[in-house]
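Okay, structure first, notes after.
The values are calculated or read from the model by the stated rules, or taken from the named source; none is laboratory data. Source: prediction; values computed, not measured. For neighbour counting, all protein chains shown are included, and Cβ atoms are generated from backbone atoms with ideal geometry for every residue, glycine included.
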Amino acid sequence: MALADIIQAIKTEADQTIAQLVKEYAAKFRQLKLKYEQKAKVSATAITAEAAQKEASLKQKARVFAAIERRNAILKGKQDLIGQLCQGFLAEVVDAKEYPAMLLTLLQKAGQTISQGDLIPGKGQQAVMKQVLAKAGLNYRLAAESQQFIGGFKLVSKEVDLDFSFEGLIGKKLREATETKIAKALFV
């Protein structure tokens, strides 16, 4: 065999091996491509399902949040109405002819605990408080200015501060005790 025949045989064998390798590569490439296309489809399906689940969850959370906000708005409206009723009640008490007698009773009770102090009247109650303080005969100093509360007074001494404001005595305590009853009567 001549050298040219050997070279030709090597070349032919190399061409066949290369053709076989290209064929195997193409087959493996198709298998890999198919495998990853299937994985991509599965992933896309999973991602779509997860997105749909998250969307449904967010919509449910939004509905719950909206319901809570709606209930809170209704509750706030009811509380505001009850607050207005309490404020109206306190204003009527202050305008009542028995108001000075109520103040006198409160001052006498305060006098049993505190002998000296500054007396701070409620908004617009300076004149009434001055008259009642004179009747009570207590050693309290009437503050030059009133504070922003409805009726009653606050007593400030070195030892203690007492809140005899109607908002403190009646408003908060009465409201706590009766708010549920009032709400049931008004809104049920």
| query | Looking at the range 145-155, which of its residues are without any contact (Cβ under 8 Å) to a residue 40 or more places away in the chain and farther than 8 Å from ILE120 by Cα? | reply | GLN148, PHE149
| Qualifying position, being over 27 Å from LEU81 (Cα atoms) and touching a Pro at 6+ places or on another chain (Cβ under 7 Å), among VAL160, VAL128, VAL156 | VAL128
| message | Anything in the range 1-20 that is among the aliphatic types (A, V, I, L, M) and surrounded by 10 or more Cβ atoms within 10 Å (Cβ to Cβ)? List them, or say none. | response | ILE6, ILE7, ALA9, ILE10, ALA14, ILE18, ALA19
| Just wondering, is there one or more residues in the range 121-141 that are hydrophobic (A, V, I, L, M, F, W, C), farther than 30 Å from LYS181 by Cβ and not in a helix (DSSP H, G or I)? | yes
| Residues within the range 142-166 that are buried (at least 20 other Cβ atoms within 10 Å of the Cβ) and outside any strand (DSSP E or B), tallied | 4
| query | What's the number of the condition ALA183 fails, among (1) of a type in the set (A, V, I, L, M, F, W, C); (2) at pLDDT 85 or above; (3) surrounded by 12 or more Cβ atoms within 10 Å (Cβ to Cβ)? | reply | (2)
| query | Among the numbered criteria (1) surrounded by fewer than 15 Cβ atoms within 10 Å (Cβ to Cβ); (2) touching a residue at least 24 places away in the same chain (Cβ under 8 Å), which single criterion is violated by GLY117? | reply | (1)
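Matching residues to (1) of a type in the set (A, V, I, L, M, F, W, C); (2) surrounded by 10 or more Cβ atoms within 10 Å (Cβ to Cβ); (3) under 30 Å from LEU169 (Cβ atoms); (4) over 29 Å from the mean Cα position of the chain (by Cα):
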{"residue": "VAL22", "(1), (2), (3), (4)": "yes, yes, no, yes"}
{"residue": "ALA26", "(1), (2), (3), (4)": "yes, yes, no, yes"}
{"residue": "LEU32", "(1), (2), (3), (4)": "yes, yes, no, yes"}
{"residue": "LYS78", "(1), (2), (3), (4)": "no, yes, yes, no"}
{"residue": "VAL94", "(1), (2), (3), (4)": "yes, yes, yes, yes"}
{"residue": "GLU98", "(1), (2), (3), (4)": "no, no, yes, yes"}
| said: What pairs come out if I take residues in the range 77-93 that are modelled with pLDDT of 75 or more and pair them with residues that are in a helix (DSSP H, G or I) and loosely packed, with under 14 Cβ neighbours inside 10 Å whose C-beta lies under 8 Å away, six or more apart or interchain? | reply: LYS78/LEU186; LYS78/PHE187; LEU81/LEU186; ILE82/LEU186
